[in-house]
Amino acid sequence: MFRLADATPIATGHVREVYQHPDDETLLVKVIASASIEARWNQAPWYRRLARCGPYKDFVREFREYVTSIYVGDYATSPIARVVGLEMTDIGLGQVVEKVRTPDGKLAPTLHDWVKAEGFTEHTRAEMAAFYQRLLDHDTIAADLHAWNVVYGEDSRGGPRLVMIDGFGEKNIIPHQSMSRSHNAARVKRKYERMLKRTMAEAPGR
């Protein structure tokens, strides 16, 4: 069991806290925050608590999408950060993932922060276009595609490149995106174009 109760998260979100893996600098451990479990599960309407895996349903959804991305396309070109597995911690079940990082080993910046620091350049446009093509090639369901869920960095598969670290997988009760690749591609196109437009608009000097 990993002991994280006394550790400080290196990143936090609305639902999860992210910790450095205690034994491997190249890995991270994502844990669902206790406040999120209380608000989004314990106090949720009954129909939102039907999942047999409880508040860990997001782990299952993301693992399924990661496996699909490898089955559909080449492992090395998957647009999703590598999911390593699950590990119990003293603050709940943890999802172990590979850290997407900068050359010096730090957390890779989000697309939002990358563009904020360096501006929107032709290189940015090319990297975003390549990322979008990988989403299509791997039939990825990008449920929450925005500049805070995508980072620019490298991992064991190569890089630097844009990688989706959160918000992927089918969330709909009726899995219509899973049923039709063309339908999913159309939805990904709309979300990507919205992200591209917003990223350009928020870039320095725009």
Of those in region 3-23 that are out of contact with any Asp or Glu (no Cβ under 9 Å at 6 or more places or on another chain) and part of a strand (DSSP E or B), the residue modelled with the lowest pLDDT is T12
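Looking at region 144-160, can you tell me whether even one residue there is β-branched (V, I, T) and out of contact with any strand residue (DSSP E or B) (no Cβ under 6 Å at 6 or more places or on another chain)? If you could, list the steps in order and put the result at the bottom.
Restricting attention to region 144-160, the residues satisfying the condition of being β-branched (V, I, T) are 150-151.
With out of contact with any strand residue (DSSP E or B) (no Cβ under 6 Å at 6 or more places or on another chain) added as a condition, the list becomes none.
The answer is no, given that none of the residues of region 144-160 is β-branched (V, I, T) and out of contact with any strand residue (DSSP E or B) (no Cβ under 6 Å at 6 or more places or on another chain).
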List the number of the failed condition for D24; all other conditions in (1) touching a residue at least 12 places away in the same chain (Cβ under 8 Å); (2) farther than 16 Å from N149 by Cβ; (3) surrounded by 13 or more Cβ atoms within 10 Å (Cβ to Cβ) hold. (1)
Test: R101 is modelled with pLDDT of 95 or more and either within 23 Å of T199 (Cα to Cα) or over 18 Å from the mean Cα position of the chain (by Cα) (or both): yes
Residue under question is R161, and the condition is that it be farther than 22 Å from G105 by Cα and either modelled with pLDDT of 95 or more or assigned to a loop (DSSP other than H, G, I, E, B) (or both); does it hold? no
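Search region 41-86 for residues being of a type in the set (F, W, Y), at pLDDT 90 or above and over 13 Å from the mean Cα position of the chain (by Cα), and hand back the single one that is surrounded by the most Cβ atoms within 10 Å (Cβ to Cβ).
As a first pass, look at region 41-86 and keep what is of a type in the set (F, W, Y): 41, 46-47, 56, 59, 63, 66, 71, 75.
Remaining after also requiring at pLDDT 90 or above: 56, 59, 63, 66, 71, 75.
This time we only want the ones that are over 13 Å from the mean Cα position of the chain (by Cα), so: 56, 71, 75.
Values: Y56: 17, Y71: 10, Y75: 10.
Here the residue is Y56.
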Hey, V188 part of a strand (DSSP E or B), of a type outside the set (S, T, Y) and under 21 Å from D74 (Cα atoms) or not: no
Report, ordered by the first and then the second residue, all pairs with beta carbons closer than 9 Å, sequence separation of six or more or different chains, a first member in region 165-180 that is farther than 15 Å from V67 by Cα and modelled with pLDDT under 95, and a second member that is small (G, A, S) and assigned to a helix (DSSP H, G or I). N172/S178
Within region 191-205, residues being hydrophobic (A, V, I, L, M, F, W, C), part of a helix (DSSP H, G or I) and within 16 Å of E127 (Cβ to Cβ) number 3
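The values are calculated or read from the model by the stated rules, or taken from the named source; none is laboratory data. No experiment lies behind these values; they were computed from the predicted model shown. Cβ sites come from the backbone with ideal geometry, for glycine too, and all protein chains shown count toward neighbours.
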